[in-house]
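Below is one structure, written out as structure tokens, with a few remarks after it.
Bear in mind that the values in this text are calculations on the coordinates, not laboratory data. As the structure is a computational prediction, the values presented were derived from the model and not from experiment. Cβ: placed from backbone, ideal geometry, glycine included. Neighbour counts: every protein chain shown.
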Amino acid sequence: MARVSQEHLDARRRQILDGAARCFARDGFHGTSMQDVLKEVGLSAGAVYRYFTGKEDLIAAIAGEAVGGVRLAFERAARVSPPPTPDVLIGRVVRTLFGEEAGGRGGLDRRAYAGLIVQVWSETLRSERLAATLGEAYAGLRISWAELVGVYRESGMLAAEVPDEDIARTLIATAQGFITQLAMFGDATPELLESGLRGLMSMDLQRVS
């Protein structure tokens, strides 16, 4: 029997995940059955269950990709010296995450993909497994972003005596808020986000005090 290449296995797994993502984005996690996924991808149950044990397994895989996408987008955006200011950084992150070259979107448009990410977040409220998976991933994100804040401080770009992790959490929350607005209203753009952040960064706090 001919041995199946790893490339073929990876492509088949990608096919299944992309099909499941389209189903979940269209009908929601709870409105989608495994039969719906099988029909979407055009594969037998045996072919799909070779890769995933069931719907919960598919949701966990998609959740992992969504968080991994945010982390990869951040790492790409921050890989310059000196580090980009927050407005530029967050703008690059969301452009990378929702750009046409972004993987793991299953052919979804920007708003549908944002909605899928929001679904993943809400699912953590009922799934301990998913909550643990995202909790671990989020902890890694906080560490990475806090390291960048440390670079801001070392380079003299940041003077405020605020813990690095507090600032990191706020930057992450800004990206999460953009994703939520894009999912709910569809009119959020990287340009709008960058402009708003630049406006906040231009505040003259000494004049206010």
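Descriptive notes on the structure:
- Trypsin sites (Lys or Arg not before Pro) within the range 21-80: DSSP coil, no more than 12 neighbouring Cβ in 10 Å: R79
- Against the chain, whose longest principal axis comes from its Cα atoms, helix 110-123 is set at around 80 degrees.
- Rounded to the nearest 20, the Cβ-based charge dipole of the range 51-204 about its Cα centre (Lys and Arg +1, Asp and Glu -1) stands at 280 debye.
- Gyration tensor verdict on the range 46-153 (Cα atoms; rounded if a/c is under 1.5, prolate if a/b is larger than b/c, oblate otherwise): prolate
- In plain terms, the C-alpha convex hull of the range 9-86 casts an average shadow of 6.5 nm² when viewed from every direction.
- Sparse-neighbour loop sites [trypsin sites (Lys or Arg not before Pro); the range 107-197; at most 16 other C-beta within 10 Å; DSSP]: R126
- More than 17 angstrom apart: percent of Cα pairs within the range 91-207: 65
- Peptide packing: for 116-125, 159-168, 196-205, the average count of neighbouring Cβ atoms within 10 Å per residue gives the ranking 116-125, 159-168, 196-205, highest mean first.
- Cubic angstrom per residue, convex hull over Cα atoms of the range 103-168: 131
- Spatial separation of Cα centroids for the range 124-153 and the range 174-209, in angstrom: 21
- The chain: most fluctuating residue of L17, L182, L192 per GNM, C-alpha cutoff 10 Å: L192
- Rounded to 10°, Cα long-axis angle of helix 55-78 versus longest principal axis of the chain: 30
- Semi-axes of the equivalent ellipsoid of the chain are 37, 18, 15 Å, computed as sqrt(5λ) over the eigenvalues of the C-alpha gyration tensor in descending order.
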